[in-house]
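Asker: Structure below; questions to follow.
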Amino acid sequence: MEAWITEWMNQFGYFGVFLLILLENVFPPIPSEVILTLGGFMTTSTSMTKLGVILAATAGSVIGAAILYGIGLLLDVERLEKIVKKYGKFLRLTVKDIHKADAWFDKYGVWAVFFGRLIPLVRSLISIPAGMSNMKFWLFLLFTTLGTLIWNTILVSVGSAVGENWEDIVGYMDIYSNIVYIILAIVGIAFLVWYFKKRD
């Protein structure tokens, strides 16, 4: 995959960065760590600049996030209520649970969006509950852009600083991602255990 990403960015420059990051947001398995650190490295060997790569990547991220936000709008709370009323007994969910989750996102959603943009996998998926909770679109865009700008700036700058050793950074980011996935899995399992014990 790295060879394909390299070829695409060599051929299309900033537009390649923009499109790859947009796709990465909609299809999380595409690694943003590779795209951004490679983009940073390419600022040392091509005419691309760090600012240009950061802006292209941020534009791609925000547009990709907006697409997922739109999907979240289609899967609004009212639709979820209908699903829960029909199948909730199998999932042990109630309409009240949906309302609690929606109320939590109404209260803390902007910070969930901001910090979520710094966490692998979550950084893409956080846009869907933002849409589902009908978060104000301008607020969503603002906090998405801020969080994304930080993430992109760090990785592009590191890629530029280490030059040809950018692949080493990708290795460290893989470790970071794996740790995050393990933590998310533990938290998810702990939540399910707590939830079902509370229901009994």
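Asker: Return the only residue of 60, 40 being buried (at least 24 other Cβ atoms within 10 Å of the Cβ) and touching a Ser or Thr at 6+ places or on another chain (Cβ under 6 Å).
Answerer: 40
Asker: Another question about this same structure. Testing residue 163 on (1) at pLDDT 60 or above; (2) surrounded by 14 or more Cβ atoms within 10 Å (Cβ to Cβ); (3) small (Gly, Ala, Ser), one condition comes back false. Which one is that?
Answerer: (2)
Asker: Pull up segment 113-141, narrow it to residues that are more than 19 Å from residue 24 (Cα to Cα) and open to solvent by 80 Å² or more (accessible area, probe 1.4 Å), then point me to the one that is modelled with the lowest pLDDT.
Answerer: The qualifying residue modelled with the lowest pLDDT is 134.
Asker: Right, something else. For segment 15-112, which helices (runs of 4 or more DSSP H) that fit wholly inside it have 2 or more residues that are modelled with pLDDT of 70 or more and among the small types (Gly, Ala, Ser)?
Answerer: 32-42, 50-74
The values are calculated or read from the model by the stated rules, or taken from the named source; none is laboratory data. Values in this document were obtained by computation on a predicted structure and should not be read as measured data. When we count neighbours, we look across all protein chains shown, and the Cβ atoms used for this are built from the backbone with ideal geometry, even at glycine. These accessible areas exclude ligands, DNA and RNA; they are computed on the full protein's heavy atoms, side chains included. Shrake-Rupley method; radii C 1.70, N 1.55, O 1.52, S 1.80 Å.
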